[in-house]
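*Asks:* I'd like to ask you about the structure that follows.
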Amino acid sequence: MGNQDNPTAKITIDPAFVVGPVRRKTFGAFVEHLGRCVYTGIFEPGHPKADDDGFRTDVLDLTKELGVSTVRYPGGNFVSGYRWEDGVGPKEDRPTRLDLAWHSSDPNLVGVDEFAKWSEKAGVEPMMAVNLGTRGTQEALDLLEYSTIKGGTALSEQRKANGAVEPHNITMWCLGNEMDGFWQIGHKKADEYARVAAETARAMRMVNPDLELVACGSSGPTMPTFGEWERVVLNETYELVDLISAHQYFEDFGDLQEHLSAGHRMEAFIKDLVSHIDHVKSAKKSGKQINISFDEWNVWHMSRDESKAPTGDDWPVAPVLLEDRYTVADAVVVGDLLITLLRNTDRVHSASLAQLVNVIAPIMTEPGGRSWKQTTFHPFALTSQNASGTVLNLAIESPQLASEKTAGFTALSAVATYDADAKEAVVFAVNRSATDALTLDAAVGSLNASKVIEAVTYSNKDPYWQATADDSTSVLPSENVSVKLDGGRLTAGLPAVSWTMIRLSLEDQNS
């Protein structure tokens, strides 16, 4: 039970108040041809744990344990200069190309066929992006034909000749990436992108009307284009696409309390984006609902040296890039961001943690050597493994916090999922306070909860502890949680800077 001297946050959990379903696509990730994500990440022929196709089985096992549902590929900024044809056919014939996005070289040893094969092995759904930077509608159609048509056409027969006899089950497609960004190869004004996205979507639906298509939103909430970009793009594409993308990253600049407000800031972004979407819906008098693909999100310390790409005449293959080392505090933030995505499951229908391996990633590898889990692995894996059924709309009464830059956010960030079939409810909670423990007081009488199945928390006296290849297990989710279920009341002590999961067994509602 929580210490009564601590501030208390109260929540009410009632299965009658539903936000929406727990969507498996919320637990997506991202593999880009960037740094060591692909080469020495998912793919390393000759590694002691590589399979016959060159895929690292240790990374495949960790991907499954992480609970990833979808994986977005091949970018990211990379896709805006990508020629997919370079990555198919005999590997000895594939050209090495310059990657302008990350000032690197790509040998094209992994392409669409390899990624589809890896996805099947990993048990994930592939989510493919098309190049609308240096290319356009025809190239997107060619990739769609090559990938998904059973046979009888030039490109589908080419795929079969390349060894992929059956078509790839790719139904989710991103129409370019961050096309409003000045850093993007072939970046466009809103009306320019809207036109090519609409024409590409229209043509792709002529091949398969049931595709799930994602239009590019602006590259982030601080972009000067945000809002107007969405209005212009959706005005042109509203009836042709299903989702619009959202991207947002968070960095610790040395103010821990500000860093812990990340979930609050993500929530504000989602609300803003929803308002822009629904403005277009209203103006068009449309009965269709466009939702959000939050297909890039994470903690990324992008101002640090790790994120600086090579320069000059050096165009290396798979350089060390964006290999952030994550702290316990970063993991708490990642857990909070996932709570926020779940809490908005009515409008966020898909999400992708960027990225999966080595590049701002929960999974790290050594070339030829070990693989290991970063701190951020744990809250993601536990949430993916245990969230099921429906997301409940909680009534929350929490102490308020403020940092120098962000005012008025709650100390408690929480969400609950309810699975009537499994007779289980799960509470996910983050204490955003950098200094004070928090007592959680939850009214759970409507759940008919009978016992606490499991309670774990992730925190550490030093919130800046980092996992390494030599020590990735000193700080793990712990069962040392002060928790009590007494009738219809659940109480728990939440340490400062902590992520907590409490699983409750429910009595049969009809017994």
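*Asks:* Please work out the average accessible area per residue across the chain, using the 1.4 Å probe convention, and give it in Å².
*Replies:* Accessible area per residue: 38 Å².
*Asks:* Could you state the angle between the C-alpha long axis of helix 57-66 and the longest principal axis of the C-alpha atoms of the chain, as a value from 0 to 90 degrees rounded to the nearest 10?
*Replies:* Between the helix axis and the principal axis of the chain, the angle is about 40 degrees.
*Asks:* Kindly flag which residue pairs out of LYS91/LYS121; LYS405/LYS461; LYS25/LYS91; LYS25/LYS284; LYS150/LYS188 have an alpha-carbon separation exceeding 23 Å in this structure.
*Replies:* LYS405/LYS461; LYS25/LYS91; LYS25/LYS284; LYS150/LYS188
*Asks:* Give a quick list of GluC sites (Glu not before Pro) in the stretch 367-454 that DSSP marks as loop, anything other than H, G, I, E or B, with at most 16 other Cβ atoms within 10 Å.
*Replies:* Hits after loop and neighbour filter: GLU404.
*Asks:* What distance in nm lies between label points placed 7 Å from Cα along the C-beta direction at ASP346 and GLN158?
*Replies:* Each label point lies 7 Å from its Cα, and together they span 4.7 nm.
*Asks:* Check each of the chymotrypsin sites (Phe, Trp or Tyr not before Pro) in the stretch 398-480 and keep only those in coil by DSSP with at most 13 other C-beta atoms within 10 angstrom; list them in order.
*Replies:* TYR464
*Asks:* If you take every DSSP beta bridge whose two residues both sit in the stretch 1-113, what share of them, in percent to the nearest 5, is antiparallel?
*Replies:* Here the antiparallel bridges make up roughly 60 percent for the stretch 1-113.
*Asks:* On the accessible surface of the stretch 442-511, probed at 1.4 Å, how many percent belong to carbon and sulfur atoms?
*Replies:* 41 percent
*Asks:* What whole-number distance in Å separates the alpha-carbon centres of the stretch 77-150 and the stretch 324-348?
*Replies:* Result: 29 Å between the Cα centres.
*Asks:* Summing -39500 (n - 2.57) over the DSSP H runs of n ≥ 4 in the chain and dividing by its residue number, what mean residue ellipticity at 222 nm do you reach, to the nearest 500 deg cm²/dmol?
*Replies:* -7500 deg cm²/dmol
*Asks:* Using 0.36 nm times the number of residues separating LEU100 and GLU166, minus their current alpha carbon distance, what extension gain do you get?
*Replies:* 20.5 nm
*Asks:* Take the alpha carbon atoms of the stretch 435-463, find their center, do the same for the stretch 245-285, and report the distance between the two centers in whole angstrom.
*Replies:* One Cα centre to the other: 27 Å.
*Asks:* Which order do the peptides 32-45, 86-99 come out in when sorted by mean C-beta neighbours inside 10 angstrom, highest first?
*Replies:* Packing order, densest peptide first, comes out as 32-45, 86-99.
*Asks:* Another question, if that's okay. How much FRET efficiency would the formula 1/(1 + (r/R0)^6) give for ASP272 and LYS91, where r is the Cβ-Cβ distance and R0 is 45 Å, rounded to 0.05?
*Replies:* So the FRET efficiency works out to roughly 0.50.
The values are calculated or read from the model by the stated rules, or taken from the named source; none is laboratory data. Everything numeric here is computed off the predicted structure, so don't read it as measured data. We place every Cβ from the backbone using ideal geometry, glycine too, and count neighbours over all the protein chains shown. Protein only, heavy atoms only, side chains kept; ligands, DNA and RNA dropped before computing areas. Shrake-Rupley method; radii C 1.70, N 1.55, O 1.52, S 1.80 Å.
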